[in-house]
Every structure is written in structure tokens, then in C-alpha cells.
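I have placed the structure first, in the form of C-alpha cells, so that the comments after it can refer back to it.
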Amino acid sequence: MDVRDSLIDSVRAVLTRLGVTPDPGVVQVERPSNPDHGDWSTNAALATAKAAGRNPRELATALAGALTTEPPPHVTAVEVAGPGFVNFRLAHTWLHDLLADVVTAGVDGWGRFTTGHDQPIIVEFVSANPTGPLHAGHGRGACFGDSVARLLERCGHPVSREFYVNDRGAQMRLFADSLAALAAGADAPEAGYHGAYVADWATEMPSGADPVEWGRERALADQRAVLESLGIGFDAWFSERSMVESGAVEDTLADLQWAGATYEDDGALWLRSSDHGDDKDRVLVKSDGEYTYLLPDVAYHRDKFARAPRLVNVWGADHHGYVARVHAAMAALGHQPADLEVAITQMVGLRRAGEEVRLSKRTGEMIELREVVAEVGADAARFTYLLQSVDSSQVFDLDLVASQINENPVFYVQYAHARIHSIVSRAAEVGIERVPLAAADISLLVHHRELALLRTLHELPDIVRWACRERAPHQVTTWVRELAALFHGFYHDCRVIGEGIDDALTQARLWLVEATRIGLAVALDLLGVGAPTEMWRQEEDDR
RNA sequence: GCCCCCGUAGCUCAGCCCGGAUAGAGCAGUGGCCUUCUAAUCCACCGGUCGCAGGUUCAAAUCCUGCCGGGGGCACCA
């Protein structure tokens, strides 16, 4: 049993005996940030005193007294502090037990949960129009969506990653017209696409090709390639056009009409989205008979709900206003809007040579995602996109992220992993073989660096669960930076192999290093970032 | 005008779910550590009215209200 749970159980049992019955969840046991406050601490007395009509400090004293008489596992001392905290001091054995748990679970099992209960989830992300390359802004949604999917998988959900392809309608037509015009030596239409890539692609297009078909494939191939370079793949590229062809769009419309959720006005067909929380009603079929973007998208969500009970969409901040109408449409179709979760990623700005780079489709002045990956590398790109909460807008500094200097956190973390491999290689070189865990004396690990590593490794399962629930991969990034920092400190102060290092200590440390490797590997995998076994700094140019 | 996100150290950001005991990290700045498993490392110092004002509470960066900044959105575009 996890230490925290055993402490909570003990505290609850004692409180009950003292005549205080705590509500479920009110007894919290946490690791204080200040080591003076013990290894673990509970605010149980503070949290329950009021309801029980007792003085917190007095209740805490009674609690501590009882826990001292019958200490929970590993506990060596119980103290009352401050307004009524009860602090526990534990023998290092709790951390030594933890090490065994980590290495037994391994990369596959440590921080893995079955809490998802095999409930399928469809994560839709990127879903850019097939009218051009992905730009730097798409990178954030792509890395975020994929990492959220990885977190969900680790928590026991079967996940389908999906990309909605908006391959028909006005934008698609404009794109095809632009390609055709340029291929014919003319100018792209005023309202068409003017990026440099359009001209390039137009020269590639074989004469006689259908610009819609060819353009769609060209754009998709381009998008797919850059996503693959980031290690991001999709289970489905869901075509809007296919739903028109299959009749799914018409079926959806019929369902909405059947539900009484539509009406005609000004020659258009409207959705009564304001009945379900939207600001106003929205057009489904324009007066010219053409569908709006909304209707096929509703059809797509209807299809997704037929395949999974829970949906996660990752949308850019510029689509925020669209959330209410899709939720309304789902409600009209009889679904729980809350089962369609929309994660909004705030904007990404680029900086290069210290200058802010504007991302503008208008002027065609945009930095493609491909350029970002080429300049900084896939690992650095992913790590950087996942460095902070997607609730905050981000400035992506290309020069900084491309640099192999210590300001760049991705190398710092990867280097920790590489160093571990280097220790393992060293052990092999000098003929040291790691003995089985049961044969190693883990109790030799008492250095504060060693203990700090173990304490932090203990947090990973909580981090994974929390990051998954909150759809917040940056929590993993924050945690892994911390673990890497602790490892570098350990590496500096605690030699694993060498003169004067006792064989038994070497063995214990080899196991600690293995546990750390597991933590780094799990976290980096959740982020989709590689865990290199060696890294060599590029030599500076001469002169 | 309405809706959403953000406002924490010089800079970039964690922490806010679920209120607690001196508010954390990286970078920048200053000063230290390499004959030993890769110094892309490590250590110390410096640095903060947690946007502002109220409220709730024994206790507020954290919860509530209002305001002020910054960003995004409010189409028969997508």
C-alpha cells in the first residue's frame, strides 16, 4: 500500500476513536515543502476541529498522541506544529520500499492506471484545412493533443486520434482555383490563397490534374509529413466530403429537424442553438443551398459519439466562439454537452533573432511548422510546445530553442537520461553486473541527494493522474525538469562507480539510477520526446 | 457591449482544481567547483506590494465580487 494511503487510514481510524468522524476526503496527507515540517503532514485536526466543536491544537495533540502510541508503518515520530498541523517523520525505509515499487513496475507500469476503465475517448486535434502547410501555431495543438492522448492511454483509455479534414466547401474551392490559376500562368483570385507555397505547388501539379483532388492530396501529404516528423500519427483522417457522399450529413440534418431544433428563415435553415446556451441561432444551410461549416462538423461529432462516449477536441483560441454552437447541436441531438470536451490552446507567437515574427495568413508571412522542426529539431519543438500551460499564450523563441546551451531545458532533461546510460555503460566496461534487487542493500541509500530523487519519483503517479484529468501535459514537463535537476545533483555528489565506492553502495546506486531512468523515460514518453542514450555537444567552430 | 484566456522575481513561467505553516524554478546578474561515471553538470548569493480594491475565513497567490491592463472571439467564413 502506498504510504499516503496508509497514513490517511491511520489518521481516520484515530479520529473516529476520538469521536470525530471526518467526511470522506477531508483528511489530507501531503508532503510539506519545508523539510522542517516532517516527511508527511496532515491538516486533519484543522479541517475537522470546527465541525466537531473542538480546539484544533488540542485535537491535533490528541491525534498525535494516539499515533505515537500506535505508529503507522515507517513512522518514527509524530509532532504537532503551527495552528494544528500533525507532522510525521518517517524512516527512510518508506523510500527504499518505493524504489522497489518503481523498478518492479518498470517503464511500462510506473504511473500507469486503469482508472479509465477501458472507456474509449476520441481526441480530435489539428484538423487544419487541406489548403496549405501547417504553421507554427498548429504545432502547439498537435503536440498538446498527442500528449493528452498519451496521458489518456496511460490512464487506461483506448484512444483514437483523429484529424478532421475539411475537404469541401468555399475554402477548398478557393484553394483549387488559386492552384489552377497559377498553373495556367494567371494570378490567384483576389480572395484566394497567395502564399509562396501555392505557386510552388502549382508548378508541381501535372496538367490535366483536378486541382481540387490534387490540391487536397498535396496539402494532406504535406501536413502528414510534418506531423510524422514530430512523431504524431492519426488513427483517422476523417473526411468531410465522405460524410456528404455517405448521406451522413443529410441524416444529421434530418435528426435535427426531427428533434424540432431547426427552422427556416430568409431562405436559410437555422439551428435553434440559443435554446441550448448559445448567444444566437446559427445557420446550418445557407440560402444558396450550401452547408455552413457547422452542419458537416455536427455530423462528424454525431459520428464520433456513435463510436465513443467521450470526446476531446483541441481547438485554437480563435475557435473559442464556436464551442457553444457545437455543444448546442449535441444537446439537440440528445447528447450530454459535457461529454464533448473542448480544450482551447492559446496563441503562439514566434521570435527569431530577437524580433517578434507575425503569423499572418493574409500576407502569406507565416512560419511553417516544418521550418520550426528543421530549425530546432523534433524533440526540442515538442518539449517547448509542452513547456507551459496552453491557457497562456506562448512566445516560441526559435533561436533559443535551437541553441544547445544551458538555457534550453529539453537538453537538460535529455542529458540526465544520457548520463544514466553512461553510468550503465561504465559499469559494463569495468565488469560490474547489477545484482538482483533482492540481493542489493537499498538501505544504504541515505544521502540527501538519493532520498530527494526517491521522494520525487514517488510523485509521478499523482502527476500522471492529475495531468490526465486536467488535460495538462505541462505538469509532466514541470515534473521531469525537477527530476532531471535532482539527478544532476546526485550525479555530481554521489559517485556510482569508482575508487572508494563500496561494492554494495554501487549496487544500491545502480538500482536508484535505474529507478530514475524509469521516471525520466515515462515522462519523456508522455511528452513524446526522445530519451537519448548519449548526447555529445557539438564543438564550437574554430576561431 | 457580451464571452474566453492571461496578469506571480529584470525576463520566461510553475503553483490556483481541493485555502494553510518563511511563495518556487529556469534564464539574466554576482561569486565559487573539473587529474575521478560526458562541466549541455553542480553550489552559493542577489532578486517578489502574487495587477488593484473589497468580501468570505482562525488562515487567501489560491475561493467570491468589482475594477484596471494584455491577448483572442462574437458571419448565411472556416
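The values are calculated or read from the model by the stated rules, or taken from the named source; none is laboratory data. Given the structure is predicted, the values throughout are model-derived calculations rather than measurements. With ideal geometry, Cβ positions are generated from the backbone for all residues, glycine too; neighbour counts draw on all protein chains shown. Side chains included, ligands, DNA and RNA excluded: accessible areas come from the protein's heavy atoms. Shrake-Rupley method; radii C 1.70, N 1.55, O 1.52, S 1.80 Å.
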Inset, instruction - From the list A:54, A:12, A:4, pick out the single residue that is assigned to a loop (DSSP other than H, G, I, E, B) and of a type in the set (Lys, Arg). - result: A:54
Legend entry - Hits in region A:384-408 - residues which are more than 6 Å from RNA strand B (Cβ to nearest atom) and either at positive phi or within 19 Å of the chain's Cα centre (by Cα) (or both): A:384, A:385, A:386, A:387, A:390, A:396
Inset, instruction - Tell me which residues, restricted to region A:114-146, are touching a Gly at 6+ places or on another chain (Cβ under 7 Å), of a type outside the set (S, T, N, Q) and part of a loop (DSSP other than H, G, I, E, B). - result: A:116, A:117, A:118, A:125, A:126, A:132
Inset, instruction - State which residue is nearest to residue A:366 (Cα to Cα) when the search covers only region A:178-203 and only residues that are open to solvent by less than 70 Å² (accessible area, probe 1.4 Å) and touching a residue at least 60 places away in the same chain (Cβ under 8 Å). - result: A:195
Inset, instruction - Give just the number: which of (1) over 17 Å from residue A:92 (Cβ atoms); (2) open to solvent by 10 Å² or more (accessible area, probe 1.4 Å) does residue A:477 not satisfy? - result: (2)
Inset, instruction - Might you check whether a residue that is among the aliphatic types (A, V, I, L, M) and farther than 26 Å from residue A:157 by Cα occurs anywhere in region A:471-482? - result: no
Inset, instruction - Enumerate the pairs (first residue in region A:91-103 and farther than 16 Å from residue A:72 by Cα; second residue anywhere and of a type in the set (Ser, Thr, Tyr)) with beta-carbon separation below 6 Å, excluding pairs fewer than 6 apart on the same chain, so at least 6 apart or on different chains. - result: A:96/A:443
Legend entry - Scan of region A:181-202 for residues that are closer than 14 Å to residue A:219 by Cβ and within 34 Å of the chain's Cα centre (by Cα), ordered by number: A:193, A:195, A:197, A:198
Legend entry - Single residue of A:480, A:496 found to be touching a Ser or Thr at 6+ places or on another chain (Cβ under 7 Å) and in the same structural domain as residue A:425 (by TED's automatic domain parsing): A:496
Legend entry - Residues (of a type in the set (Val, Ile, Thr) and either open to solvent by 10 Å² or more (accessible area, probe 1.4 Å) or not assigned by TED's automatic domain parsing to the domain that holds residue A:234 (or both)) located in region A:132-165: A:159
Inset, instruction - Scan region A:147-173 for residues that are assigned to a helix (DSSP H, G or I) and out of contact with any strand residue (DSSP E or B) (no Cβ under 7 Å at 6 or more places or on another chain) and jot them down. - result: A:147, A:150, A:151, A:154, A:170, A:171, A:172, A:173
Legend entry - Hey, residue A:484 crowded, with 22+ Cβ neighbours inside 10 Å and either near RNA strand B (Cβ under 7 Å from one of its atoms) or of a type in the set (Gly, Ala, Ser) (or both) or not: yes
Inset, instruction - Test residue A:424 against the stated conditions and say whether it is assigned to a loop (DSSP other than H, G, I, E, B), within 9 Å of RNA strand B (Cβ to nearest atom) and either among the charged types (D, E, K, R) or surrounded by fewer than 22 Cβ atoms within 10 Å (Cβ to Cβ) (or both). - result: no
Legend entry - Test set (1) within 13 Å of RNA strand B (Cβ to nearest atom); (2) in contact with a helix residue (DSSP H, G or I) (Cβ under 7 Å, 6 or more places away or on another chain); (3) not β-branched (Val, Ile, Thr) - residue A:53 fails condition number: (2)
Legend entry - Which numbered condition residue A:340 fails, given (1) in contact with a strand residue (DSSP E or B) (Cβ under 7 Å, 6 or more places away or on another chain); (2) more than 17 Å from residue A:146 (Cβ to Cβ); (3) not assigned by TED's automatic domain parsing to the domain that holds residue A:238: (3)
Legend entry - Pairs with Cβ under 8 Å, 6+ apart, first in region A:455-483 and within 12 Å of residue A:149 (Cα to Cα), second among the polar types (S, T, N, Q) and in a loop (DSSP other than H, G, I, E, B): A:472/A:389
Inset, instruction - Could you check residue A:288 against (1) modelled with pLDDT of 95 or more; (2) surrounded by fewer than 13 Cβ atoms within 10 Å (Cβ to Cβ) and say which number it fails? - result: (1)
Inset, instruction - Collect the residues in region A:10-22 that are in contact (Cβ under 8 Å) with a residue 12 or more places away in the chain and open to solvent by 80 Å² or more (accessible area, probe 1.4 Å), keeping them in residue-number order. - result: A:17
Legend entry - region A:85-110, subset within 16 Å of RNA strand B (Cβ to nearest atom) and open to solvent by less than 10 Å² (accessible area, probe 1.4 Å), residue nearest to residue A:63 (Cα to Cα): A:86
Inset, instruction - Of all residues in region A:1-53, count the ones that are more than 30 Å from the chain's Cα centre (by Cα) and more than 23 Å from residue A:456 (Cα to Cα). - result: 24
Legend entry - Criterion (charged (D, E, K, R), at pLDDT 95 or above and closer than 30 Å to residue A:143 by Cβ) met by exactly one of A:517, A:537: A:517
Inset, instruction - Quick one: in region A:293-306, of everything that is modelled with pLDDT of 95 or more and either more than 15 Å from residue A:333 (Cα to Cα) or among the acidic types (Asp, Glu) (or both), which residue is farthest from RNA strand B (Cβ to nearest atom)? - result: A:303
Legend entry - Matching option when the condition is touching a residue at least 40 places away in the same chain (Cβ under 8 Å), under 19 Å from residue A:235 (Cβ atoms) and not polar (S, T, N, Q), among A:282, A:307: A:307
Legend entry - Residues within region A:487-528 that are away from RNA strand B (no atom under 13 Å from the Cβ) and outside any helix (DSSP H, G or I), tallied: 2
Legend entry - Filter pass, residue A:434 being open to solvent by less than 60 Å² (accessible area, probe 1.4 Å), charged (D, E, K, R) and either at pLDDT 95 or above or more than 6 Å from RNA strand B (Cβ to nearest atom) (or both): no
